[in-house]
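The values are calculated or read from the model by the stated rules, or taken from the named source; none is laboratory data. The shown structure was predicted, so the numbers you read here are calculated from the model rather than taken from an experiment. Please note: Cβ atoms are built from the backbone with ideal geometry, for glycine as well, and neighbour counts cover all protein chains shown. These accessible areas exclude ligands, DNA and RNA; they are computed on the full protein's heavy atoms, side chains included. Shrake-Rupley method; radii C 1.70, N 1.55, O 1.52, S 1.80 Å.
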Amino acid sequence: LQSVDIPNGVDLIGDGTFLNCSSLRSIAIPFSVTSIVESAFSGCSSLISVTIGEQVTSIGEWAFNACSSLTDFYCYATTPPSLAYDYYYPSFLKYGVKATLHVPARCSAQYRLSDWVTYFQKIVEIK
């Protein structure tokens, strides 16, 4: 399993849905999804690119923990989704630092003022 296109109509990516799916390289999460819960993609060590829709409002603990190959994270939400910001169980566990966060036009300032800046030093606007 290298890529997944989750069908539109799904509103939640459940706990551990793709846990330790080490061959997964890209994921497109549809605009219908509102929440990505804990450990949904934890341990997806080959995951390079993630795209999440504009309706996502929260990303749970360890949702993208140990995604060490992540290079691009596209988030279409105009308001930054809330992140699990716990010392022991954060959403990204610092692996996002080398990745680029792509956000909607005119929204980068909001992301830079949120917890997202803890995980992504490079935030660019989608054109």
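Taking the stated definitions as given, is S68 closer than 27 Å to K127 by Cα and either part of a helix (DSSP H, G or I) or not charged (D, E, K, R) (or both)?
Working: closer than 27 Å to K127 by Cα: yes; either part of a helix (DSSP H, G or I) or not charged (D, E, K, R) (or both): yes.
Taking the combined requirement at face value, the residue satisfies it.
Name every residue in the range 118-127 that is open to solvent by 60 Å² or more (accessible area, probe 1.4 Å) and modelled with pLDDT under 90, in order of residue number.
Q121, K127, listed by residue number.
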Restricting to the range 31-65, and then to whatever is outside any strand (DSSP E or B) and of a type in the set (S, T, Y), can you tell me which residue is nearest to V4 (Cα to Cα)? S46
Subset of the range 85-115 (residues that are out of contact with any helix residue (DSSP H, G or I) (no Cβ under 9 Å at 6 or more places or on another chain), at pLDDT 85 or above and assigned to a loop (DSSP other than H, G, I, E, B)): P104, A105, R106, C107, L113, S114, D115
Inspect all residues belonging to the range 2-16 and state whether any of them is open to solvent by 10 Å² or more (accessible area, probe 1.4 Å), touching a Phe, Trp or Tyr at 6+ places or on another chain (Cβ under 6 Å) and either closer than 22 Å to Q110 by Cα or of a type in the set (G, A, S) (or both). no
